[in-house]
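J.: Sharing a structure, written as structure tokens. Questions coming.
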Amino acid sequence: MDAAQPAAIGEDMLARALSFAALGDPDRDVLMSPFVEEVFDHEPPESTLEVKAAVAVVVRNSLLEEAHTNGPLNTGGIQAITTAATAPLSHLLAAGRRGLVQPVDENLFASLPDMYPRAWACLAALADAIGSGGRIAYRTPDGPAPTLPEPSELVDAPTAANNDRVSVLSGIDDRFDRRLVEMLDAAAFQGVVLWLSALSRISRNLDKLLRALEFLIAHSASVLTTNYMIRSNDVWARRGAFVKPVSNDPAVCLSSRTGLSGAHKKAYEQIAKQVVQSRSRA
């Protein structure tokens with residue numbers, strides 16, 4: 001690891017932590033909602049779900065991701081760092097609720113609601129749905145429909161060795177892999193359900209993730225993950241215990257229908273059937 005990299009990672013985490021802790025509870029809930037389904041079983045077990053999801057936003061989605069994607073930080077190293085971050089971040093969030101935390105410069109997350117109002121409304125509904133499970137309707141603001149990323153924003157990322165549907169690109173890279181853009185296009189204009197193990201498979205970069213969701217929602221697309229379903233007028237969350245997403249084999253995520261109902265269960269079953277048929281032809 002380059003000698004300057006740890007310092008850069010630490011500075012990034014601190015800026016993210018101060019910005020996040022300075023927000024109100026509703027805004028923090030929105031930013032955490034995409035990541036709850038992948039952190040619910042993280043260590044330490046006594047840590048609250050809120051703190052685990054906050055660690056994802058502040059620590060896991062920081063420049064730490066670059067060290068993981070490009071080496072030398074492995075999965076075990078990531079887990080050790082995120083586990084160690086839970087206690088200090090919990091104290092910082094408590095201080096933020098008392099108005100004692102302010103970012104050094106501008107808040108890194110403050111502009112997101114205005115930039116991506118549809119995505120923000122959607123994730124606010126998702127945050128509510130996570131607690132109770134089931135369906136929650138929401139309304140999106142009117143406005144021009146966003147377009148797909150420009151060619152200058154695209155990159156050809158290599159595919160994973162064990163899955164040619166998965167591209168190897170840093171989770172916080174602000175560029176769009178061409179395969180992802182093809183998936184966004186199919187979901188928006190061809191009626192294909194965008195199936196992912198978790199929303200972080202779109203991106204861990206919150207600006208990029210919300211931009212993609214803004215596009216999908218504006219074009220009435222449907223997104224299905226291991227535990228969530230997102231549509232342009234409602235969101236669904238699995239009731240009861242979540243199923244752990246498996247990023248390198250999304251088909252494993254389709255093994256349990258427990259806690260699903262209505263349109264969510266129907267979409268889940270349809271995707272599971274398609275995956276089985278696809279594998280039988282392979």
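J.: Report the charge-dipole magnitude of the range 114-281 in Debye, nearest 20, computed about the Cα centre from +1 at each Lys and Arg Cβ and -1 at each Asp and Glu Cβ.
T.: Roughly 900 debye for the range 114-281.
J.: OK, next. Between the DSSP loop rule and a limit of at most 13 other Cβ atoms within 10 Å, which GluC sites (Glu not before Pro) in the range 7-93 are left?
T.: Working: sites: E11, E37, E38, E46, E50, E65, E66; in loops: E46.
Of the GluC sites (Glu not before Pro), the ones in loops of the range 7-93 whose Cβ has at most 13 other Cβ atoms within 10 Å are E46.
J.: Rank these for me by crowding, H264, H91, H219, going from fewest to most other beta carbons within 10 Å. Working shown, then result.
T.: Values: H264 25, H91 10, H219 17.
Sorted ascending by nearby Cβ count, the order is H91, H219, H264.
J.: Something else: What percentages make up the Cα-Cα pair-distance distribution of the range 114-281 when the bins are 10 Å wide from 0?
T.: Values per bin, smallest distances first: 10, 39, 38, 13, 0.
J.: Now for a different question. Once you order the gyration tensor axes a ≥ b ≥ c over the Cα atoms, which shape class does the range 176-235 get: rounded for a/c under 1.5, otherwise prolate or oblate by comparing a/b with b/c? Kindly include the intermediate steps, with their values, before the conclusion.
T.: On the way: a/c = 1.32, a/b = 1.09, b/c = 1.21.
Rounded shape, in that the Cα axes give a/c under 1.5.
J.: Further question on the same structure: Given the DSSP H assignment, sum -39500 (n - 2.57) over each helix run of at least 4 residues in the chain and divide by its residue total; what's the result at 222 nm in deg cm²/dmol, nearest 500?
T.: -14500 deg cm²/dmol
J.: Using a cut-off of 11 Å between beta-carbons, work out the net charge of the residues near E65 (Lys and Arg +1, Asp and Glu -1, E65 not included).
T.: Values: positive: R60, R204; negative: D12, E66, D173.
Computed value for this residue: -1.
J.: List the residues whose amide H sits under 5 Å from the amide H of R239, counting only those 5 or more places along or on another chain, with H placed 1.01 Å from N in the peptide plane.
T.: Here G134, L260 satisfy the definition.
J.: Continuing with this model, one more query. Is the range 53-177 rounded, prolate or oblate when judged by the Cα gyration tensor, a ≥ b ≥ c being the square roots of its eigenvalues, rounded requiring a/c under 1.5 and prolate requiring a/b larger than b/c?
T.: Values: a/c = 1.61, a/b = 1.05, b/c = 1.53.
Judged from the Cα gyration tensor, the range 53-177 comes out oblate (a/c at least 1.5, b/c at or above a/b).
J.: If Lys and Arg each add +1 and Asp and Glu each add -1, what is the summed charge of the other residues whose beta carbon sits under 11 Å from the beta carbon of A8? All intermediate terms of the calculation are to be shown ahead of the outcome.
T.: Working: positive: none; negative: D2, E11, D12, E66.
Here the count lands on -4.
J.: In whole Å, how far is the Cα centre of the range 204-269 from that of the range 55-104?
T.: Comparing the Cα centres of the range 204-269 and the range 55-104, I get a distance of 25 Å.
J.: Here is a further query. In a GNM of the chain with a 10 Å cut-off on Cα contacts, which of D142, D156, D249 has the highest mean-square fluctuation?
T.: Comparing D142, D156, D249 in the GNM, the peak value goes to D142.
J.: With angles folded into 0 to 90 degrees, how steeply does helix 117-132 sit against the dominant principal axis of the chain? Use alpha carbons for both and round to 10.
T.: For helix 117-132, the angle is close to 90 degrees.
J.: Shifting gears a bit: Quick check for me: using +1 on Lys/Arg Cβ and -1 on Asp/Glu Cβ, what's the dipole size of the chain about its Cα centre, in debye to the nearest 20?
T.: Working: 27 positive and 33 negative charges, 266 e Å.
Value, rounded to 20: 1280 debye.
J.: Compute the helix-to-body angle for 206-218: its Cα long axis versus the longest principal axis of the chain, expressed 0 to 90° and rounded to tens.
T.: The angle comes out at about 30 degrees.
J.: Here's something else I'd like to know. What's the lysine pair count for the chain at a Cα cut-off below 23 Å, pairs eight or more apart or interchain?
T.: On the way: K52/K208; K52/K244; K244/K265; K244/K266; K244/K273; K265/K273.
Lysine pair count for the chain: 6.
J.: Let me ask something additional. State, to one decimal in nm², a quarter of the convex hull surface area for the C-alpha atoms of the range 5-110, i.e. the direction-averaged projected area.
T.: Numbers: hull surface 25.9 nm².
Computing the convex hull of the Cα atoms and averaging its projections yields 6.5 nm².
J.: Turning to a different aspect of this structure: Report the FRET efficiency, 1/(1 + (r/R0)^6), for A251 and T48, where r is their Cβ-Cβ distance and R0 is 30 Å, rounded to 0.05. Mind showing how you got there, number by number?
T.: Working: r = 31 Å, r/R0 = 1.04.
So, using R0 = 30 Å, E works out to roughly 0.45.
J.: Semi-axes, largest first, in whole Å: what does sqrt of 5 times each Cα gyration tensor eigenvalue give for the chain? Don't skip to the end; give the middle numbers.
T.: Values: eigenvalues 159, 97, 81 Å².
Calculated on Cα positions only, the semi-axes equal 28, 22, 20 Å.
J.: Looking only at trypsin sites (Lys or Arg not before Pro) in DSSP loops with at most 13 other Cβ atoms within 10 Å, what is the longest site-free stretch of the chain?
T.: Values: sites that count: R98, R139.
That would be 140-282.
Coordinate-derived values only; no laboratory data. Since this is a predicted model, take the numbers as computed values, not measurements. FYI the Cβ positions are ideal-geometry reconstructions off the backbone, even for glycines, and counts take in every protein chain you see.
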